Structure formats: C-alpha cells, structure tokens
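Trainee: Attaching a single structure in structure tokens format; questions to follow.
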C-alpha cells in the first residue's frame, strides 16, 4: 500500500541530492531520517522510502512513527503504521507509546487490544507501555487486566513491569494494591523503593513512608527529595530541613526539585532569611533560575513581604512560563501595585504568553482594588470573548464587587438604598452567576441589580436558570461603554 499524502508520483525531493540511479538503501534512509528537522523533510524522506521499496523495513517504520508523533502528526504516524502487514512487537510498542505521549492514551489501549485480537504476542516491553497508557487515562480496571495477563504470560518477574504496575496503583490512589506489589517483589531497585515512598507520601501516610525510607539499602536524590517534599506538602517544614541536613551529610547532591521543595518550606514558615539562604545556595551551586525554581522564589519572597526581591528574580529570569507570570501579577496586586499588575499583564500578552483563568483572577482583583469598573469590564470581556475562558467563581466575585463599589446599578432604589451587598450576599450572587454561566456584562449587571433590589433569591434562580446559552454570548459593542 502507498501513503496517499506522499506518493512517489507527486513528491518533490529537493532535500536529497542523489541521482535516481544511485542505490538508496535502509542505512541511507535512516541517516536522512536522523537529519530531519521538520515534518516537511520527513515526508520527503518517506517518499523516497516508498519509491525504493523500503516500506518493509520495520526499523525505518518505527523511526517514521517516532518522528511523526514528535512533530504532532499522530494521524500520519498511524497511517505509516497501518501500512505494515505484520508489525513485530517492537513496532507495536512504539506505536502504543506514541499514542500515550501524544495525549491519546485511550488509542494506545485500543491498539493493544488489536494486537492481542490479531494474534500478535506482546513482549516484556509492551506491558510497561500499556500500563503507562492506563496511567495517563486513569484506566485502573483495564490496568488490573494487564497485570493479570502479565502474570499469565510469565512476564511478571520483570522488574520494569512490576515497578510500572506499582506506579499505576499509586497514581490511581489504590495504595493497598501498590503496597502489595512492593511487598511481593523478590528484587527491588532504587526506583522500586522511591515509587512506594512517593506513593505513600501522596496518600498522606508520612510515617509509613519514613519507615520505608529509613530501610532503603541505598538512597538517591530522587528518594531524598520525595521524602523532603512530603514533609513540605503536609506542613512539616522543620522535618524537611532536618532531612535536607542529613542529605548533605551523606554527600547527596540536591537537584532542582529538592531546592524548590526547600523554597516552599521557607514559604510555609514565612522565613525570609532562610529563603534568602536557599536562594544563595542554589546560585552558589550552579542552579539555573528557570521557570520552576524562579516561580517558587517569586512566591516565597512575595509571601515573606519582599516584593523587591520577588521582582528582581522575575526580571533576571531568562525563561518564564505561565505560572511565573501569574505569580508575579498576583504578587504585585497583593502588595498594592495594581497599575503595575495591569502593566505586567499587557507585557505578558506582548510576549505571546496565553493567559488562563488564574491570570484573570489577578487582573480583575487589581481592578477591584483600583475601583475601576471600566477596566474590569474590559478585561472580563477580553477573557471571555477573545481568550474563550469560562468564568469561575472568583471572576464573578470580582465583578460583583466592582459594581457594588462603583454604585453602577442604575440607581436601583428609589428609597435611598445604595445597592450595597453584604459579604454573604456577594458570595450567593457569585454562585448564582456561576450556575447560570453568564458571560454578558449586561446580564451580570441585571442580575446584581435585581438582587440588590431585594428580589427573592429563588425567583432570581428561576429567572436565569432558563436562559439559553445562545443568549449569554458577550457583545463587545454593548458592553464596552
């Protein structure tokens, strides 16, 4: 069969500078695939592979599948795979893995079912790939079936299979079965011990995790960090630092995750001085202040009262992610620098970083503190209309606060009522807005107007619960007044 999108008759191959008469074999094809830097080049190489009759070579097919999926072309990878009449187990494994890492683990599970139905036998590497697909799709019940099949097919003795299965149980919060796998393992490696410790930590069983941690025959930085992070997560920062001191005494070098856990411990303790020491430690030990560590430092400095240090970290970072921008915007707003928070949001847009719901909580909160209803309406419209973000409770709460503070309720009362809402009423109306899924500024304003005029809550709910989604679209021309 030929791949329709790159048949030999239609493909142009300027990427190759070989004559048609020169032999093009598997080694040459693999070499060209290794040099591919984009999907267009990959299709050119694939066309050459078809032209020279190399589609039987499963090594080339596996490489095509891997590269196609890495370029986000999963359908093309599937098409390539489907050309094979009898894929070997390794090729099935590559395709299952490609589905999982490309965000379609359910298709990976279906492919494994097809593999069994067509009589192809899995090997010991198939099971971890399928179990990872189960983990990514939270398919615990199917994972149990894979567990049973691995035992039946005598692959259960493989340490990699056991570790992956144990990880699935813990990730799906089945702590008992995860521990049973660990207890029955005849051979364990550091990953086995670390998996069970991390699983127990995640489920809140710190004492059990610590007991196993102390029994570990050898510990690496991952196992130390898992235990340190557990103490931080469950608000025992002193224990986290005690463990870190032991880690240093045993000459285990921390990694970025260890340092981030310690920064979070400083945040929990509210200790600026200790946080500064950890920051200096990271710089002196060659840690790059990237998005992960940098965001933790910004949050720590902000919550410890030093916005100057938080902004210094932000400004010196070479790379930032969405969490970094959100943390800095929120920090500016919390410390009273509302105009700066709005300015930073605009810089974020210029940097082509797409905001999320959390970003707009910070932006709308800044508008509330500035008592600027017009800006609040502008950014609420931007959020819903331009970015397509569904409002959450915090967004509605900000809008209600803006309307009541600005007294912009069309002079609702003729009896001198100012139209102010109590904190409890504010929350109730916000919940009603969330339930009604209103995104039109006019609809939101009308509902607040009615509630402020003491219309019965049940009547309001009845009035707006029947509002169709088609009537709730944002009309920029009407709302930007």
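Trainee: Among the candidates 81, 16, single out the residue that is at pLDDT 90 or above and either closer than 26 Å to residue 121 by Cβ or not in a helix (DSSP H, G or I) (or both). Quick ask: steps written out before the conclusion?
Mentor: Working: 16 fails: at pLDDT 90 or above.
When all the criteria are applied, what remains is 81.
Per-residue answers, yes or no, for (1) in contact (Cβ under 8 Å) with a residue 24 or more places away in the chain; (2) in contact with a strand residue (DSSP E or B) (Cβ under 6 Å, 6 or more places away or on another chain); (3) surrounded by fewer than 22 Cβ atoms within 10 Å (Cβ to Cβ); (4) in the same structural domain as residue 63 (by TED's automatic domain parsing):
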{"position": "80", "(1), (2), (3), (4)": "yes, no, no, yes"}
{"position": "98", "(1), (2), (3), (4)": "yes, no, no, no"}
{"position": "101", "(1), (2), (3), (4)": "yes, no, yes, no"}
{"position": "113", "(1), (2), (3), (4)": "no, no, yes, no"}
{"position": "127", "(1), (2), (3), (4)": "yes, no, no, no"}
{"position": "134", "(1), (2), (3), (4)": "yes, no, no, no"}
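Trainee: Can you tell me which residues in region 124-161 are within 26 Å of the chain's Cα centre (by Cα) and in a loop (DSSP other than H, G, I, E, B)?
Mentor: Answer for region 124-161, where residues must be within 26 Å of the chain's Cα centre (by Cα) and in a loop (DSSP other than H, G, I, E, B): 137, 138, 139.
Trainee: Now for a separate question. If you scan region 25-48, which residues turn out to be within 12 Å of residue 63 (Cα to Cα) and more than 31 Å from the chain's Cα centre (by Cα)?
Mentor: 26, 29, 30, 31, 32, 45, 46
Trainee: Which one of these is part of a helix (DSSP H, G or I), more than 20 Å from residue 108 (Cα to Cα) and in contact with a helix residue (DSSP H, G or I) (Cβ under 8 Å, 6 or more places away or on another chain): 183, 177?
Mentor: Just a single option satisfies the conditions, and that option is 177.
Trainee: With the condition kept exactly as written, say whether any residue in region 432-440 is assigned by TED's automatic domain parsing to the domain that holds residue 356, modelled with pLDDT of 65 or more, farther than 19 Å from residue 365 by Cα and surrounded by fewer than 18 Cβ atoms within 10 Å (Cβ to Cβ).
Mentor: yes
Trainee: Residues in region 99-122: is at least one in a loop (DSSP other than H, G, I, E, B) and under 24 Å from residue 182 (Cβ atoms)?
Mentor: Within region 99-122, one or more residues are in a loop (DSSP other than H, G, I, E, B) and under 24 Å from residue 182 (Cβ atoms).
The values are calculated or read from the model by the stated rules, or taken from the named source; none is laboratory data. Small disclaimer: the values here were computed from a predicted structure and weren't measured. Cβ atoms come from the backbone with ideal geometry, glycine included; neighbour counts cover every protein chain shown.
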